Amino acid sequence: MPILIAFLIAITISGAYLFLHFQIKGVKKSGPISLDDKTDEAKKKIDEAISKAQEILEETEQKQSKILEQTQHQAEEFETHLEEDFAKNASSVKTLFESEIKDFSDKISQAEASYLKYLDDLKKASLAVQEKSLETVKQQVGELFLRFEQNLSDFLAQTEQKSTQSIELEIQATRHLIDSYKTQQLKVIDENIIAMLERTLTLVLTKKLNVTDQTELIYESLEQAKAEKFIV
Amino acid sequence: MHQETIKKILDLLTSHSKTTHEASRYIMLLKSYLEAEYFNSPLDLNELNDAEKAWIKTLGEENISQTISKDSLGEILKEVKSAVEKIDILVLFTAVELTTEGYNEVIKKVRSLTNKHLLIDFRLDPTLVAGCSLIWKGVYKDYSLKSRIEKNRDLILSQFKAYINTYA
């Protein structure tokens, strides 16, 4: 509304300006005239313009107020109409909204029910799977223990056998060592006996045998060498 | 012609000397003796040992100066030397040291058994217990009581152990 008023004022002022402009142009076209006449004419014209402008302004103001009143009235009517429409729409929207909400709440309830049912089914399935898994695990553990027991008994049997074998080998080796040591020691004893005998004979015969006997023994040795054809 | 003389000298040498060194020594003594006989010069016996004196005595007993002429002395001695170098040496180990007579008896015995000229090198080895061992032409053979004990070792040991078991 204020824009409309301002627009009207601007049109009025433009009209007044154009009017004055054409007046002045007409004055210029009429040719050279005397200054005083024209001044008086101009003044007259200006006064006329001013009065016209004032009239227009007054008209405009009147129109403006009328328009204002009309606009106000229309605005009020529009506002009332709008309010009625709004109320109508609002109630329908409210009804629609309520129905939608009810619909939505029904759907939510349904969804909740189905979800709960799904959860329940899931729970049952999970329990079933859990039980099945437990059973499977028990079975596998039982099989594992059986295999372990079997392997352990096999391993123990093998270990026992190997231990027995190695012990027997050790015993045999030890016996062999003992026997060889015994043989070796007996051999040493025999050597010692012979050495002792030779030493004893050397000591005794040196004293007991005279030169003649020694010579006789040498003769015997030489005859043996002759018999063996050692000296040829 | 000189073979008989040489053989006789070698017999005497091998019956008295033991090693080639001794034989060489005895040949020198033979030469000195014969020179003393031929030229009527005295032979100094003071520096000689008993064996050498016995050798000189044997030469006198065998009348060796009659067998070898003055002219052939050098030749004969040369041949005797070369013959002595070729003689085989018998190394004889005894368990005890014999007397001179004992050694001579052994030399005689060896000569009678072998019937050849050889020199005997007597050495001492008390470990032989009794009897002797010989080295002939680089080969050693033990004929001593020790070797007999070794040969009958098992028998001796079995007898010994039986004795021990009986009386232990």
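Tabulated values for the structure
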read-out	value
From B:Val110, B:Val129, B:Val106, residue being within 10 Å of chain A (Cβ to nearest Cβ), modelled with pLDDT under 90 and on the phi > 0 side of the Ramachandran plot	B:Val129
Close pairs from region A:213-232: first within 7 Å of another protein chain (Cβ to nearest Cβ), partner of a type in the set (Ser, Thr, Tyr) and surrounded by fewer than 21 Cβ atoms within 10 Å (Cβ to Cβ), Cβ under 8 Å, at least 6 apart	A:Lys226/B:Thr114; A:Ile231/B:Thr114
From A:Ala173, A:Ala225, residue being within 19 Å of B:Leu128 (Cβ to Cβ), out of contact with any Lys or Arg (no Cβ under 6 Å at 6 or more places or on another chain) and assigned to a helix (DSSP H, G or I)	A:Ala225
Residue match in region B:46-57 (condition: surrounded by 15 or more Cβ atoms within 10 Å (Cβ to Cβ), within 10 Å of chain A (Cβ to nearest Cβ) and under 30 Å from A:Phe230 (Cβ atoms))	no
Residue match in region A:183-192 (condition: among the aliphatic types (A, V, I, L, M), away from chain B (no Cβ under 14 Å) and loosely packed, with under 11 Cβ neighbours inside 10 Å)	no
For B:Tyr143: the one exception among (1) over 18 Å from the mean Cα position of the chain (by Cα); (2) loosely packed, with under 11 Cβ neighbours inside 10 Å; (3) of a type outside the set (Val, Ile, Thr)	(2)
Sole exception among (1) more than 8 Å from chain A (Cβ to nearest Cβ); (2) in contact with a Pro (Cβ under 9 Å, 6 or more places away or on another chain) for B:Asp121, by number	(2)
Residue under evaluation B:Val106, criteria (1) of a type outside the set (Gly, Ala, Ser); (2) touching a residue at least 24 places away in the same chain (Cβ under 8 Å); (3) closer than 30 Å to B:Tyr143 by Cα, criterion not met	(2)
Residues being surrounded by 15 or more Cβ atoms within 10 Å (Cβ to Cβ), over 14 Å from A:Val211 (Cβ atoms) and over 12 Å from the mean Cα position of the chain (by Cα) - total across region B:83-104	3
Among the candidates B:Ala36, B:Ala23, residue that is in contact with a Pro (Cβ under 9 Å, 6 or more places away or on another chain), surrounded by 14 or more Cβ atoms within 10 Å (Cβ to Cβ) and over 30 Å from A:Leu205 (Cβ atoms)	B:Ala36
Qualifying positions in region A:60-119 - aliphatic (A, V, I, L, M) and under 30 Å from A:Thr12 (Cβ atoms)	A:Ile67, A:Leu68, A:Ala75
Flag if A:Leu177 is over 28 Å from B:Leu157 (Cα atoms) and either more than 10 Å from chain B (Cβ to nearest Cβ) or among the β-branched types (Val, Ile, Thr) (or both)	no
Pairs with Cβ under 6 Å, 6+ apart, first in region B:38-66 and at pLDDT below 80, second of a type in the set (Asp, Glu) and surrounded by 13 or more Cβ atoms within 10 Å (Cβ to Cβ)	B:Ser65/B:Glu37
Residue that is more than 16 Å from the chain's Cα centre (by Cα) and buried (at least 18 other Cβ atoms within 10 Å of the Cβ), where the choices are B:Ile64, B:Ile107	B:Ile64
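The values are calculated or read from the model by the stated rules, or taken from the named source; none is laboratory data. It should be emphasised that the depicted structure is a prediction, and the values quoted were computed from it without experimental measurement. Backbone-built Cβ (ideal geometry, glycine too); neighbour counts: all protein chains shown.
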